1. Taking Trp164 and the conditions (1) of a type outside the set (A, V, I, L, M); (2) under 23 Å from Leu49 (Cβ atoms); (3) out of contact with any strand residue (DSSP E or B) (no Cβ under 8 Å at 6 or more places or on another chain), which numbered condition does it fall short on, given that it satisfies the others?
2. Considering only residues that are under 22 Å from Asp154 (Cα atoms) and at pLDDT below 90, look in region 114-137 and name the one that is surrounded by the most Cβ atoms within 10 Å (Cβ to Cβ).
3. Determine which member of the set Asp172, Asp149 is surrounded by fewer than 20 Cβ atoms within 10 Å (Cβ to Cβ), under 16 Å from Glu76 (Cα atoms) and without any contact (Cβ under 8 Å) to a residue 60 or more places away in the chain.
4. So which of Val135, Val101 ends up being part of a strand (DSSP E or B) and at negative phi?
5. With respect to Tyr68, is the statement that it is at pLDDT 90 or above, in contact with a helix residue (DSSP H, G or I) (Cβ under 8 Å, 6 or more places away or on another chain) and either assigned to a loop (DSSP other than H, G, I, E, B) or aromatic (Phe, Trp, Tyr) (or both) true?
6. Looking only at region 86-101, filter to residues that are without any contact (Cβ under 8 Å) to a residue 40 or more places away in the chain and buried (at least 19 other Cβ atoms within 10 Å of the Cβ); which one of those is nearest to Lys138 (Cα to Cα)?
Amino acid sequence: MKSSLFARLSLSCAAAIILVACNDGPSEIKVKPSTPVVEAVVAGGFETLFDQRKSDLADLAAALEQHYNITGNYPETENGNWASVFHTPTLPKTAWIPGLVPNYIPETPVDPQSGMEPTSPQYMYKSNGSGYKLVAHKTGDCDQLSKVDPAKADPKRSGGGVCWAWGYFTPDYTNF
C-alpha cells in the first residue's frame, strides 16, 4: 500500500516538475469568481484560454484569407453545414476545415476545452465558398471579447445581454 501511494505521489511530482519546466517557470492558476474557466493558465505560453482562442481564430482567419487569395473562394463546408470537431467527425481532428491543411495551415487548431459533446466549447466554420463564418462557440468568454473587440461578437448568437459566439465572418455571413 505504501509503495503504490509513493509511486503515485512520485508520478504527480514528476508531472508537476515537467509542467513547470515546460512553461519556463512556475505556473499558478488564476481564477476569478465571475469567469472561472477564462482565467485559467493554459499550456503553450498563453495566459488565458481567451488569449489562446483569439490566437487560434486569427491564425485560421489568416489561412482562410490566404486560401481565398490563391483560389478565389473559401473552403466550402458540406451542404453549407457547420464544420467543427463535433460536427465533422469523419475529418481528422487536425483538419476539420476542409482544404486548409497542409497548404495554408499545418493543422486546424481546436478549442482548448473542445469535446465530442454538442454542448462543449467548439470552433465552428461554415461557408458556401463566397463567404464564411468562423466562431468560437459556447466558450464562456464572449462577454470578455465584447469589451475588447465588439465587432467580432456574432450578431446571430448574441443579443439581449447574452453572447455565446464570436469570431470572424464576411459581411454576407453575418446572419448565418
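The values are calculated or read from the model by the stated rules, or taken from the named source; none is laboratory data. Because the structure is predicted, anything quoted here is derived from the model rather than measured. Don't worry about glycine lacking a Cβ; one is built from the backbone with ideal geometry, like all the others, and counts go over all protein chains shown.
1. Of (1) of a type outside the set (A, V, I, L, M); (2) under 23 Å from Leu49 (Cβ atoms); (3) out of contact with any strand residue (DSSP E or B) (no Cβ under 8 Å at 6 or more places or on another chain), only one is false for Trp164: (3).
2. Ser114
3. Among Asp172, Asp149, only Asp172 is surrounded by fewer than 20 Cβ atoms within 10 Å (Cβ to Cβ), under 16 Å from Glu76 (Cα atoms) and without any contact (Cβ under 8 Å) to a residue 60 or more places away in the chain.
4. It is Val135.
5. no
6. If we take residues in region 86-101 being without any contact (Cβ under 8 Å) to a residue 40 or more places away in the chain and buried (at least 19 other Cβ atoms within 10 Å of the Cβ), then Phe86 is nearest to Lys138 (Cα to Cα).
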